[in-house]
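Q: Got a structure for you, written out below as structure tokens; questions coming shortly.
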Amino acid sequence: MKSRTITNVCLFVIFATLSLLMANKVGAQSNTGMTITVTPATAYLKILPGNRETHTITIVSQSSQVLEITPKVVDFRPDGRTGQPILSDTTNFPYLVDGTSHFPPIILQPKERAQLTLAFNPPAGSPDKEYPMTVIFTARPASAVDAMNSASEISGAVASNIIVLVSKEQEPPPQVSIKDFGTFRLVDSFGLISLKPIAENESFAAIVASGSASIKNWQGKPLAEFPLYPDSILGLSTRELRSFIIENTPENESEPLLVPKPFQFDKPFLFGIYRIGLVLNTEEAEITLVALPFSIIVAILVGAGSYGAYTLVTKRLRS
Amino acid sequence: MSSHTLPIRMIFAGIFVAALWISYQVSISPAQAERLESNSYVIQFGNFNVTAGEKESSSYKVTDTVGQTGAGPYGQYGVSSYFIGGGFQYIYQIDDFSFSISKLLINLGELSPGAHNSDNLTMTITTRGAGGYVIYAYESAPLSLESDAGIAIPDTICDSGSCSESAAGLWQDVNVGGFGFNVNGPDAESDFLTTDHFRQFADRAGAETMQPIASSVDIVKDQIATVTYKAGVAAGSQAAGNYQTSTSFVAVPGY
């Protein structure tokens, strides 16, 4: 009798434990978040008209809940200064095979990954043109989350850029120019020389900025040189150029990182004429700056003007 | 019943239960690799190798020159390897882009006149591409009564009546109703001057264009922004009930 009781108790404990473990697997949907990673962030694809090319994007869910992912292709345009895309709602790209820019939803289990492969097929004779696009992966919980009160459901989307160049040119001829140096010609002696040069790509295909900026004094003596960060300048667009420094990341010292930096030349006291030179791919340009202690000059002028006004007023009051 | 049969019974009982549990686990495990395709796309998931991303090589070294003069990012026909070779080993445009949202439901509670209710979430973003990123936001439609979508809490116009989906305004007056949001973090758009400056969501149903709410032109790792939702009702003008909408955040890498 006693042994049978012990047996029954042991079996009950085993079943109860397993039941608890199973309940965690099928528990009610809780308000947890989502984490999505997409690779690559940006890709460039060149297609010879008449050929078919493909491009694959990998999406990984590090979320703890099942997500429904809906891909969609849209166009983007550059903002003219940075590399941040301005998205459209649709795409006008005519060479997606079957012409579809919407895709069926993907159900991603927790920690699962999926790949989306796009196929492009521009016919022979297609005009040379660049098509910047973004593939948006919109994620929402696969099952609805109950809201007891006023609420807002959230969906998150992560994107991957694909810039497609349709061209029969093996190497499209670059046509780049320096539109603006992005600096004032007069600089205060106690300030710094700061450049925000704008480059214009007049070709239909993207180029990569390459070159350097230099600062020389009135005697032509080099004072500073800044390499250009290799930013992409999309076809028929502009972009603000940047310099860079090389930093070793703490996580991996054998893999240094090019970190973009603005062009800034800081000296305790600037005075005289400075020549700013910029070499961008095959283009060269130079401007001249004048540095004077304008802050002191302005302070003296304001002081003199105030004294003069004060003298005039007091003279008139006496008379 | 002899004493040595008891442990044997327990052992068999345990084996039986374990077999049941293992069978259950196997039956609910994810399906093996599945493939959906048409002529324009292939969707494949399961176990496979990631083809893009960082590649290791003992021959990588810091380059003296940064690319060829006048070169573009394309190279040969097909997907470019320009940023993973040819002098750009340390440019990570082709690397991962990661976006997290801490929760997928914002609970605004029971709305009543003379009070604002709020709730928040955090967004986390990581990109090694030096084009940075931008996050856009929009709502599918205004915050509407669950039982009648024609009755809505309008998007906030803030205390001064001048905030919009692209320009935040100060919103502290509890007698000013509406629905809006604030973004707080190092990369939040500059019009979010304080945590009391709110914008409307761009209304997708009203054909409004989604707006950038946070961005950076630099590489970021685990950059966090906090989004605070706020809703309130003006006195005597709003039907009682639960109001619902859906809002979306779109994270786009720079190029």
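Read-outs: derived from the displayed coordinates by stated rules, not from any lab. Treat the numbers as computed from the prediction; the structure is a model and nothing was measured. All Cβ positions, even for glycine, are placed from backbone atoms using ideal geometry, and neighbour counts span all protein chains on display.
Q: Between residue B:191 and residue A:296, what FRET efficiency comes out of the Förster formula 1/(1 + (r/R0)^6) with R0 = 51 Å and r the beta carbon distance, rounded to 0.05?
A: Taking R0 as 51 Å, the efficiency between residue A:296 and residue B:191 is 0.90.
Q: Follow-up question, since we're still on this one. Dipole size in debye (nearest 20) for chain A around its Cα centre, Lys and Arg Cβ +1, Asp and Glu Cβ -1? Write out the running numbers ahead of the final one.
A: Values: 26 positive and 28 negative charges, 226 e Å.
Using only the charged Cβ atoms, the result is roughly 1080 debye.
Q: On to the next question. 7 Å from Cα along Cα→Cβ at both residue A:86 and residue A:246: what's the point-to-point distance in nm?
A: So the label points at residue A:86 and residue A:246 sit 3.7 nm apart.
Q: Filter the trypsin sites (Lys or Arg not before Pro) in segment A:93-195 to those in DSSP coil with at most 15 other Cβ atoms within 10 Å of their Cβ, and list the result.
A: Working: sites: A:111, A:113, A:129, A:168, A:179, A:185; in loops: A:111, A:168, A:185.
Those satisfying the criteria are A:111, A:168, A:185.
Q: Can you give the angle from 0 to 90° between the axis of helix A:294-318 and the longest principal axis of chain A, with both taken from C-alpha atoms, to the nearest 10?
A: It is inclined by approximately 60 degrees.
Q: Over all directions, how big on average is the projection of the convex hull of the alpha-carbon atoms in segment A:29-186, in square nanometres?
A: With the hull built on Cα positions only, its mean projection is 13.9 nm².
Q: Give me the dipole magnitude in Debye, nearest 20, for segment B:97-253 about the Cα centre, with unit charges on the beta carbon: positive for Lys and Arg, negative for Asp and Glu. Numbers along the way, then the final one.
A: Numbers: 6 positive and 17 negative charges, 81 e Å.
Result for segment B:97-253 is approximately 400 debye, rounded to the nearest 20.
Q: About the Cα centre of segment A:176-296, what is the dipole size in debye to 20, counting +1 per Lys and Arg Cβ and -1 per Asp and Glu Cβ, all else neutral?
A: 520 debye
Q: Here's something else I'd like to know. If r is the Cβ-Cβ distance from residue A:184 to residue B:221 and R0 is 45 Å, what FRET efficiency results, to the nearest 0.05? Please list the in-between numbers first.
A: On the way: r = 35 Å, r/R0 = 0.77.
For R0 = 45 Å, the calculated efficiency reads 0.85.
Q: Also: Give the Rg/Rh ratio for segment B:97-253, taking Rg as the radius of gyration of the Cα atoms and Rh as the Kirkwood radius, to two decimals.
A: With Rg and the Kirkwood Rh in hand, the quotient comes to 0.98.
Q: Given the options A:93, A:262, A:280, identify the residue whose Cα lies farthest towards the positive end of the charge dipole of chain A (+1 on Cβ of Lys, Arg; -1 on Cβ of Asp, Glu).
A: Towards the positive end, the residue furthest out is A:262.
Q: Another question about this same structure. Going by alpha carbons, how many degrees (0 to 90, nearest 10) lie between the helix axis of A:2-25 and the longest principal axis of chain A?
A: In chain A, helix A:2-25 runs at an angle near 40 degrees to the longest axis.
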